[in-house]
Amino acid sequence: MALKAIGVIGAGQMGNGIAHVCALAGYDVVMSDISLERAKAALEVISGNMDRQLAKDLISEADRDAALKRIVPTDDLGAFHESDLVIEAASENETVKKQIFTTLCPKLKESALIASNTSSISITRLAAITDRPEHFMGVHFMNPVPVMKLVELIRGIATDEGTYQVIREFAVNIGKTPTAAEDFPAFIVNRILLPMINEAVYTLYEGVGSVEAIDTAMRLGANHPMGPLQLADFIGLDTCLAIMQVLHEGLADSKYRPCPLLVKYVEAGWLGRKTKRGFYDYRGDAPVPTR
């Protein structure tokens, strides 16, 4: 089956990035959020991000204009009735995702495929709530989507080979490099990355180093492009905590226990860049460590 029309549920950082790359690749895109205002605001974000690509000569003005015309913002899941593939990119909350799929399925055409951009939740469990588990799989994009090349493809226990091959071809068509991951908590990237970030938070919690010392050590000592605490702020501390909780609950190993300091930051609402405070304070001209 040839995919032509793509639906994206969730117009946040991940969702608008997915819509962005799909539209640039020539797909017609419907992008939804809980309100039309939020979906339209996401389209403005996409326009600004494409302007930056244009300024760097990564795309042409014609590419940008054509891509923006292909994206239709909406607040109605009924708008996905003609979509060939719908990608869910809502918050990393299993209950929320299941509610979305329960509402979505009756509105889709029979041949439509469904994918979740979950970074950690069981694809098999999510698929089981739908009316088409064989046509459901995980398509985990990296953040920021327009920049990062990797997409993890995760089959649930019921995902059929045809669905996998069609979505793999789609990933290649939008300029991504797909890698197959088994359906275990957090898949490949986050199974390795998030425990490292959690250990960095423990290192801060136990007073081994300050925020600045830890990030400097990993940038210069391990040649990482950004320190783990800076990266946590970029990802969102609530998302980091959610993934660690999935790992801890799903694998029942104490090495995945979320650091109490990470929990405290999330409880305070200090979630990183998106709330202007996390391990750094972003309210001034330059980020300032909060510990």
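Observations on the model:
- Given (1) surrounded by fewer than 18 Cβ atoms within 10 Å (Cβ to Cβ); (2) closer than 18 Å to ASN117 by Cβ, index of the condition ALA79 fails: (2)
- Within the range 21-34, the set of residues being of a type outside the set (Gly, Ala, Ser) and either outside any helix (DSSP H, G or I) or not assigned by TED's automatic domain parsing to the domain that holds VAL139 (or both) comprises TYR27, ASP28, VAL29, VAL30, MET31, ASP33, ILE34.
- The residues on offer are SER91, SER83, SER60, and the sole one that is of a type in the set (Ser, Thr, Tyr), under 23 Å from ALA171 (Cα atoms), in contact with a Leu (Cβ under 8 Å, 6 or more places away or on another chain) and touching a residue at least 12 places away in the same chain (Cβ under 8 Å) is SER83.
- Verdict on ILE18 being within 16 Å of GLU88 (Cα to Cα), of a type in the set (A, V, I, L, M, F, W, C) and not assigned by TED's automatic domain parsing to the domain that holds GLY236: yes
- Residues within the range 5-20 that are buried (at least 24 other Cβ atoms within 10 Å of the Cβ) and part of a strand (DSSP E or B), tallied: 4
The values are calculated or read from the model by the stated rules, or taken from the named source; none is laboratory data. It should be emphasised that the depicted structure is a prediction, and the values quoted were computed from it without experimental measurement. With ideal geometry, Cβ positions are generated from the backbone for all residues, glycine too; neighbour counts draw on all protein chains shown.
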